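See structure below.
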Amino acid sequence: MKTDSCETIAAISTAIGEGGIGIVRISGPRAFEIAEKIFKPRIKKSLFEFKNRTLYLGDIVDSNDEIIDEVLLAIFKAPHTYTREDMVEINCHGGLVAQKRILALVLDKGARLAEPGEFTKRAFLNGRIDLSQAEAVIDIIRAKTDRALAVANRRLTGEFSEKISRIRSNLLNVIAHIEANIDFPEDDIPEAEPEYISQEINNALKMVEDLLRSAGSGRILREGLSTLILGNTNVGKSSLLNALLQEERAIVTDIPGTTRDIIEEYIDIQGIPIKIIDTAGIRQTTDEVEKIGINRAMKHLQEAELVLLMIDVSRKLTDDDKRLIELVGDKTTITVINKVDLPVAVDEYEIEKLVPEAKIVKVSALKQEGIDELKTVIYDTITEKMGFTDEGLIVASERQRRILEESREFLKSALCAMAEGVPIEMVEIDIRDAWEKLGEITGDTVSEDIINTIFQKFCIGK
Amino acid sequence: MDYNVGKYDVAVVGIGHAGCEAALATARMGLKTVAFAINLDSIALMACNPSIGGPGKGNMVREIDALGGQMAINVDKTFIQVRMLNTKKGPAVRALRAQLDKRAYSAAMKYTVESQENLDIVQEEVVKILVEGEKVKGVVTKTGGVYEARAVILTTGVYLRGRIVIGDLSYSSGPSGLFPANELSKSLESLGLELGRFKTGTPPRIHKDSVDFSKMIIQPGDDVITPFSYTSEKIQREQVPCWLTYTNETTHKIIAENLHRAPLYTGEIKGVGPRYCPSVEMKIVNFKDKKSHQIFIEPEGNGTKEMYVQGLSTSLPADVQIAMTHSVKGLENAKIMRFGYAIEYDFVVPTQLKPTLETKAVQGLYMAGQINGTSGYEEAAAQGLIAGINAALKIKEKEPLVLSRSDAYIGVLIDDLVTKGVTEPYRILTSRAEYRLLLRQDNADLRLMDIGHSIGLISDDRYEKFLKKKKSIDDEIKRLKSVKITPTAKVNEVLTGLNTAKLNSPSTLAELLKRPELDYEKLKVLDEDREQLPDDVIEQVEIATAYEGYIERQMSQVAQFKKMENKKIPDDIDYDEIYGLGFEAREKLKEVKPISIGQASRISGVNPSDITVLLIYLETKRRKSHNE
Ligand SMILES: Cc1cc2nc3c(=O)[nH]c(=O)nc-3n(C[C@H](O)[C@H](O)[C@H](O)COP(=O)(O)OP(=O)(O)OC[C@H]3O[C@@H](n4cnc5c(N)ncnc54)[C@H](O)[C@@H]3O)c2cc1C
Ligand SMILES: Nc1nc2c(ncn2[C@@H]2O[C@H](COP(=O)(O)OP(=O)(O)OP(=O)(O)O)[C@@H](O)[C@H]2O)c(=O)[nH]1
Ligand SMILES: [Mg+2]
């Protein structure tokens, strides 16, 4: 029962920085053979004779028989492993450097470095877990904060799948009713009334839309809310970034145009990961390098979900400032008035008129004043204005979101067809499609697309 | 003592609904055929209700017709009432159903098989299948007659070790007082075939003169008769009505009080019965809240006073049957002529069959009809036809005929049987079909007549006619798409008169036809010079145009589906060698031996990850052999 065609993969699998003990995992048909070459157990036994799932003490040695680390090693025989392949776990004590050396050695002996999430992908391919679970694990790997981890864990237990199942079973009920009417026209089964059918489709549609909304929140948890600090040169953008981060990350000078590159950093506001982007200040300039920076900032503005519009309280509003404000458009914006420790030169009322939607927070980045208030305002804006929620939250991958969107379209089309009086067996096609599509999230139906993607991404054959 | 009777190409065991189609197909395809029945007076006997068609079933009857089978023609000869069902829904689920003259149906079919060239009919019970090596050799009858045959098709219905149960009475019997076939099962078992046991039941028959129709609701046939067969021209015939009445709380009470005598609940009956066709005692037990159930009183024919009591299928003791029948409105004085009964019988587990209906174990041995765990005349006939065609094609060393799920209901039926097996007597349902919109009863000829013609069951004459129809459909659709109507005052006046929106810009006739308020007939005023086309052509043009969007969508789904169907699994695949398959999946795959990934994905117990694993394995193999 072996597929020689599959490569053996390896990786350090404990989150870096966790208490020193790291695990190097090896999975695949050659896992035992590779481990055998580098492990010297205390007891005189070949690795192939080891008891399944039992820790053995010994040394990892390199090709010159030099000891790299003292480790505990266990073998896990297929198919009762996470990946359903033969697996080896090496628990090392010697810190990150030793772990990396062990990994390098394993790779030397013929394993390939696993791609992120590849163990999980294999688990899926070998039928160990369903798609939704596999993706949750992949998300865990990428989770940026503790909160995101909690949500990812929740999905792993199948809560997301459960919600999908609920929508599907509701739809299935409607489908079944329609089918019964069609197949048994002469039995006295009450006819599924159009109102009832529309109602049910509508309910399903709402649930799918809710899921999509919380999937949006899920994405924020996974990738961070991209937040752009936008402002004229020298207003104190980099200072604000440093203040939010509580460290000297960006260079701060009194020379306008200091920041020319884009700086991205994550902060955590009550568990929500925020990706703060500090950019070049935007102004009319002839400096080529600065121009490039400004262009990039413009691009980031387009992608940003939240804008911190910064204004220097000690200077009068310039045309540059006004131009900036126009650029913001209808992006969710918070106006940050900086340098409140200096004498006031701008008219706050004027600003309020220019960006009426935005809340105004006054800070001193230099003195670190008003930073907590700014954080509160950011949190409120995300939860209230942007509808962020972590209640019943799901973390959806891009694929899952696309499926939800497609199902939404089918349901909308079904509703529309109902309104137009299209024959029920045709409306039912849409309902059935929505039902089947949703099944793809939990892997209940595997469409050609999934298979193709799997083939594209994986090493199958040589 | 055995004696040699002769050599045949094909021997068909059973001349019921499956057997008739099978024997006619092989004989018509030029093969010397012999067919057996336990009693020649029961050829194509409708042992249960005297009706053919309905959702899914009616579609299959039309498909049988398009492939050159006999059922539809025989129905048109002998129906006493026809109704199109689901007319309030769309065209895809409309369904034709006919009430038949039971005797006349059987007699007409008997005459057809008797008249068929190449076909011998014999009243004999077959007791043994002869096999040499892995190949079928012929059959042996009870009198010792040995009939050599290159192919044997078993269509034995409910006769194998048939056992009738009424109350606490049970005895070995076939249906309707006919002899059972008690020996053949052993022969099948000795060939290594796995048998199962199902049961089905039938209601009492009552005397017409003892029924008070004034207390019932009349159910007349359609005003305009739609024939089943594409060969039939317009039919005008006096139709006989059916009658509707209901059970009531007294009926339910009588049944409830006698449940301890119901063999279904005493454990007397062990075979599994059909869920969609429950006995009245099951309905009462399972749906306690329902205060009444429908009862249809259906005539069994013109030359008889027997009437069929649809809805009262039962195996309760005879005295309870009398009491409960009399409790129904209009049946207070009804005289029971035949009592209802349940019958248990052997069937052959159908996953042992290939999609051609040949057994995997014995070459040349085919099975069709109720023996495969199905129920229903139409299901039987459909399988009989396909088994007959495939037996003939194999003898002629030609490619087999396997209809796919996107070709026909027959394809759905057979794929379900051989892929998923059966847990109860199987009946076709439109909901079993994924591509229902394409598998309409109105377009079976367009779907299948090419095949019927190419295998030689559709005559050149009939085919010419069909091609003409097809051409005029295509031409008319094209024409409607090209003729533009300009928004003149007159046109808009006409449109307003038809209760539909005015035109702002020029529009084709096809676009107008898509409007729910309009149909082909109504467009005539805007399209005065058009040629008068036959109704069946107009029907196709209307459906194809009005529902174009949905039809195209299903066609693209079919294209997707075909991709998986076309990923063939080699015969010699070794499932034990494949890493990562689930245990159950491995066992199921070994049993069913699917011919394609598509078929594999429909096996219960084979889940998507198993399919992924299988695809990866096949892909790996492919790449390996590619590199070598
Ligand atoms: C009591 C009863 C209730 C039913 N209820 C329903 C129902 O509720 N719904 C429904 O859809 N269908 C029902 N049917 C099923 C329907 O009648 C059958 O499905 C259909 O007739 C099967 O066709 P067939 O060709 O397979 O078998 P049949 O039409 O039964 O034909 C079998 C043929 O095989 C012959 N035969 C059998 N064994 C031998 C042998 N060893 N040698 C020679 N000849 C042999 C018989 O003589 C007969 O000619 C019922 C049938 C019965 C008997
Ligand atoms: N008094 C006072 N000075 C500040 C404050 N914030 C920033 N500054 C000063 O303003 C100058 C510019 O600060 P930066 O943070 O570099 O400004 P910037 O917007 O990043 O500038 P560019 O990158 O050049 O566009 C520095 O001298 C800071 O010390 C503040 O709150 N109060
Ligand atoms: Mg800066």
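Taken about its Cα centre, chain B carries a charge dipole of roughly 960 debye when the Cβ of each Lys and Arg holds +1 and the Cβ of each Asp and Glu holds -1.
In this rough spin-label picture, where each label sits 7 Å from Cα along the Cβ direction, the A:Lys77-B:Glu399 distance is 4.9 nm.
Taking K and R as +1 and D and E as -1, what net charge do the other residues with C-beta under 13 Å from the C-beta of B:Ala368 add up to?
-3
The smallest convex shape that holds all Cα atoms of the range B:460-557, its convex hull, gives 109 Å³ per residue. For the protein assembly as shown, the ratio of Cα radius of gyration to the globular rule of thumb 2.2 N^0.38 Å stands at 1.19.
Each of B:Phe296, B:Val240, B:Phe213 was scored by the projection of its Cα onto the charge dipole of the range B:205-342, and the greatest displacement toward the positive side belongs to B:Phe296; charges sit on the C-beta of Lys, Arg, Asp and Glu. Using every pair of distinct Cα positions in the range B:205-342, the Kirkwood expression returns a hydrodynamic radius of 16.4 angstrom. In the complete set of protein chains, residue-level accessible area for A:Met298 is approximately 50 Å², probe 1.4 angstrom. Distant-in-sequence amide contacts of B:Gly138, defined by a placed amide H-H separation under 5 Å and a gap of 5 or more residues or a different chain, comprise B:Leu130, B:Ala149. For the range A:240-247, putting each phi into the Karplus relation 6.51 cos²θ - 1.76 cosθ + 1.60 with θ = phi - 60° gives couplings of 5, 4, 4, 5, 5, 7, 6, 7 Hz, in residue order, rounded to whole numbers and with x for Gly and Pro. Think of each Lys and Arg Cβ as +1 and each Asp and Glu Cβ as -1; about the Cα centre, that makes the dipole of the protein assembly as shown roughly 1820 debye. Using C-alpha pairs under 8 Å with a sequence gap of at least 6, the mean separation divided by the residue count of chain B gives a relative contact order of 16 percent.
The label point for B:Glu584 and the one for B:Glu117, both projected 7 Å from the Cα toward the Cβ, are 5.4 nm apart. Remark on A:Gly231: its backbone amide H falls under 5 Å from those of A:Ile282, A:Met310, a criterion applied only to residues 5 or more positions apart or on other chains, H modelled at 1.01 Å from N.
Placing a pseudo-label 7 Å from each Cα along the Cα-to-Cβ vector at A:Asp330 and B:Gln560 gives an inter-label distance of 3.4 nm. Loop-located GluC sites (Glu not before Pro) in the range B:229-327 (DSSP state not H, G, I, E or B) with no more than 14 neighbouring Cβ atoms inside 10 Å: B:Glu233, B:Glu238. All Cα-Cα distances of chain B, cut into 20 Å bins from zero to the largest, leave 18, 47, 30, 5, 0 percent in each bin in turn. With R₀ fixed at 51 Å, the C-beta to C-beta distance from B:Tyr171 to A:Ser169 puts the FRET efficiency at about 0.65. Solvent-accessible surface of protein heavy atoms, probed at 1.4 angstrom with all chains present, puts A:Glu425, B:Glu114, A:Glu209 in the order B:Glu114, A:Glu209, A:Glu425, largest first.
Placing B:Cys48, B:Cys20, B:Cys277 in order of accessible area, with the largest value first and a 1.4 Å probe, yields B:Cys277, B:Cys48, B:Cys20.
Each Lys or Arg adds one and each Asp or Glu takes one away; over the other residues whose Cβ falls under 9 Å from the Cβ of B:Lys215, this sums to -1. Mean projection of the Cα convex hull over all viewing directions, computed for the range B:63-195: 12.6 nm².
Each Lys or Arg adds one and each Asp or Glu subtracts one; over the other residues with Cβ under 9 Å from the Cβ of A:Leu244, this totals 0.
Between amide H atoms placed 1.01 Å from N, distances below 5 Å from B:Ile485 occur with B:Ser507, B:Thr508, B:Leu509, all of them 5 or more places distant or on a separate chain.
Where does each of B:Tyr8, B:Tyr105 land when they are ordered by accessible area, with a 1.4 Å probe and the largest first?
The most accessible residue leads, giving B:Tyr8, B:Tyr105.
Beyond 18 Å, what share of the Cα-Cα pairs of the range B:299-385 remains, rounded to the nearest whole percent? Looking at the range B:299-385, the distances longer than 18 Å represent 61 percent of pairs.
What the Cα convex hull of the range B:374-467 gives, in volume per residue, is 107 Å³. May I ask you to derive the FRET efficiency for A:Glu373 and B:Asp450 from their Cβ-Cβ distance with R0 = 60 Å, giving the value to the nearest 0.05? Using R0 = 60 Å, I get an efficiency of 0.15. Note on B:Val349 and B:Ser459: the extension gain reaches 36.0 nm, defined as 0.36 nm multiplied by sequence separation minus the Cα-Cα distance.
Comparing Cα centroids, the range A:210-238 and the range A:286-345 end up 16 angstrom apart. Across the range A:36-97, C-alpha contacts under 8 Å between residues 6 or more apart give a mean separation that, scaled by the residue count, equals a relative contact order of 26 percent.
Residue separation of A:Asn64 and A:Thr253 scaled by 0.36 nm, minus their Cα-Cα distance, works out to 62.7 nm of gained length.
Only protein heavy atoms count here; under a 1.4 Å probe, A:Lys322 has an accessible surface of about 80 Å².
Would the range A:223-385 count as rounded, prolate or oblate if I go by the C-alpha gyration tensor, calling it rounded below 1.5 in a/c and otherwise prolate when a/b exceeds b/c, oblate otherwise? It comes out rounded by the Cα gyration axes. Nearest 20 debye, what's the magnitude of the dipole of the range B:205-342 about its Cα centre given +1 on Lys and Arg Cβ and -1 on Asp and Glu Cβ? Computed about the Cα centre, the dipole is about 340 debye. Farthest toward the positive end of the dipole of the range B:529-591, out of B:Gln532, B:Phe583, B:Ser556, is the Cα of B:Phe583, where the dipole comes from beta carbon charges about the Cα centre. In the range B:204-237, which residues have a backbone nitrogen under 20 Å from the label point lying 7 Å from B:Lys335's Cα in the Cα-to-Cβ direction? Residues passing the 20 Å test: B:204-215. When the charge dipole of the protein assembly as shown is built from unit charges on Cβ atoms (+1 for Lys and Arg, -1 for Asp and Glu) and taken about the Cα centre, the candidate among B:Gln352, A:Ile311, B:Ala11 whose Cα reaches farthest toward its positive end is B:Ala11.
Counting only other chain Cβ atoms within 10 Å of each residue's Cβ, the peptide B:82-90 averages 4. A DSSP coil position with no more than 11 other Cβ atoms inside 10 Å describes the following trypsin sites (Lys or Arg not before Pro) in the range B:211-258: B:Lys234. Surface calculation, 1.4 Å probe, protein heavy atoms: B:Val491 sits at approximately 20 Å² accessible.
The values are calculated or read from the model by the stated rules, or taken from the named source; none is laboratory data. Values in this document were obtained by computation on a predicted structure and should not be read as measured data. Note that we place each Cβ from the backbone using ideal geometry, even for glycine, and neighbour counts take in every protein chain shown. Calculation scope for accessible area: heavy atoms of the full protein, side chains included, ligands and nucleic acids excluded. Shrake-Rupley method; radii C 1.70, N 1.55, O 1.52, S 1.80 Å.
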